[in-house]
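The values are calculated or read from the model by the stated rules, or taken from the named source; none is laboratory data. Because the structure is a prediction, the values reported are computed rather than measured. Please note: Cβ atoms are built from the backbone with ideal geometry, for glycine as well, and neighbour counts cover all protein chains shown. Areas reflect the complete protein model, heavy atoms only, side chains present, ligands, DNA and RNA absent. Shrake-Rupley method; radii C 1.70, N 1.55, O 1.52, S 1.80 Å.
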Amino acid sequence: MSAPQHTPGFTITHETAPSETLVAGFSAFGLAGLTAADYIVDHLDLQEQGHLSVEGLPTVTPFENGRPRHHTRLFSRENLDVTVLVGELFIPVGAGRTFANAILEWTETNGVLEIAILSGVPIPHGPEEHKTYYIATEDYRERRLREEQIPPMGRGFLDGTNAALVECGLDSPLGVCTFVTPVHAQIPDIEAAIRLVETVDEVYGLGVDAGPLEAFAAEVEQYYAELAERMEEHDDELPEDRMYM
């Protein structure tokens, strides 16, 4: 008889009220979304205001210069209407719904109106497809994308955390958008991360210069490599790479 499956539990704590907009980058393909979110935090000098803890999943506790930190953290500062979520913990597809529900419960309680998810997708592509695309609920499109030149992703499906977040946006006032860009096998895919940073800056006018991102990523190259190795241990839990067209 197989061991019973336990549903993981997620808890979010924070010191200050979040902004109405949440930008999230998770530990996923190419680490492009995570790299972009991490860089935005660093470039805008945002301060940690909260974190997410988990029970029931293999976890990581990152550290730097001997100082540990939470794997999933919330950043913001005064006079900026954006909170950034940096998620270094790999969330298996099967736990995506539970993870998303914890985020959604927190956003509803704290007056968050929209979520923008930054993500890479490992699909075959040519140089002409080095773009950022969107999959967004109607209210998000009307609020943020009417004047932008960001193309929609043509066809496919989402799964895991991204799917659960977008699905919730279909049936609630919460506006949700997943910004996706093709990624290559290298970790991290700096060009993909740059595209995501430029997209966030275009949509939200944050004043983020993506130029120094390559040097920023080089500084944490070993850390990203170790994080990628942990992801490879969960290859059987990653979705297929033919979800977009």
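Looking only at residues that are under 17 Å from residue 38 (Cα atoms) and among the β-branched types (Val, Ile, Thr) in region 184-203, which one is modelled with the lowest pLDDT? I'd like the intermediate steps shown before the answer.
Filtering region 184-203 down to residues under 17 Å from residue 38 (Cα atoms) leaves 187-201.
Keeping just the survivors that are among the β-branched types (Val, Ile, Thr) gives 187, 190, 194, 197, 199-200.
Values: 187: 69, 190: 84, 194: 91, 197: 95, 199: 95, 200: 95.
Among those that are under 17 Å from residue 38 (Cα atoms) and among the β-branched types (Val, Ile, Thr), it is 187.
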- Item | Test set (1) open to solvent by less than 60 Å² (accessible area, probe 1.4 Å); (2) at pLDDT below 65 - residue 235 fails condition number | (1)
- Message: Taking the criterion of being within 15 Å of residue 177 (Cβ to Cβ), outside any loop (DSSP other than H, G, I, E, B) and of a type in the set (Ser, Thr, Tyr), would at least one residue in region 68-85 satisfy it?
- Response: no
- Task: Could you run through region 105-117 and say how many residues are open to solvent by less than 20 Å² (accessible area, probe 1.4 Å) and touching a Ser or Thr at 6+ places or on another chain (Cβ under 8 Å)?
- Result: 5
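Does at least one position in region 172-183 carry a residue that is among the aromatic types (Phe, Trp, Tyr), within 14 Å of the chain's Cα centre (by Cα) and either outside any helix (DSSP H, G or I) or crowded, with 20+ Cβ neighbours inside 10 Å (or both)?
Applying the first criterion (among the aromatic types (Phe, Trp, Tyr)) to region 172-183 yields 179.
With within 14 Å of the chain's Cα centre (by Cα) added as a condition, the list becomes 179.
Add one more test, that the residue is either outside any helix (DSSP H, G or I) or crowded, with 20+ Cβ neighbours inside 10 Å (or both), and what stays is 179.
Taking every residue of region 172-183 in turn, at least one turns out to be among the aromatic types (Phe, Trp, Tyr), within 14 Å of the chain's Cα centre (by Cα) and either outside any helix (DSSP H, G or I) or crowded, with 20+ Cβ neighbours inside 10 Å (or both).
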- Query: Take the residues of region 9-43 that are crowded, with 17+ Cβ neighbours inside 10 Å and assigned to a loop (DSSP other than H, G, I, E, B): which is modelled with the highest pLDDT?
  - Reply: 19
- Task: Enumerate the pairs (first residue in region 92-103 and small (Gly, Ala, Ser); second residue anywhere and at pLDDT 85 or above and open to solvent by less than 20 Å² (accessible area, probe 1.4 Å)) with beta-carbon separation below 7 Å, excluding pairs fewer than 6 apart on the same chain, so at least 6 apart or on different chains.
- Result: 96/160; 96/161; 96/164; 100/161; 100/164; 100/165
- Query: Do we have any residue at all in region 204-214 that's surrounded by 17 or more Cβ atoms within 10 Å (Cβ to Cβ) and either modelled with pLDDT under 85 or among the basic types (Lys, Arg) (or both)?
  - Reply: yes
- Item | Residue, surrounded by the fewest Cβ atoms within 10 Å (Cβ to Cβ), within region 53-91, restricted to residues that are free of Cβ contacts under 8 Å to residues at least 60 places away in the same chain, touching a Leu at 6+ places or on another chain (Cβ under 8 Å) and not hydroxyl-bearing (Ser, Thr, Tyr) | 77
- Query: Would you call residue 128 crowded, with 17+ Cβ neighbours inside 10 Å and at pLDDT below 90?
  - Reply: no
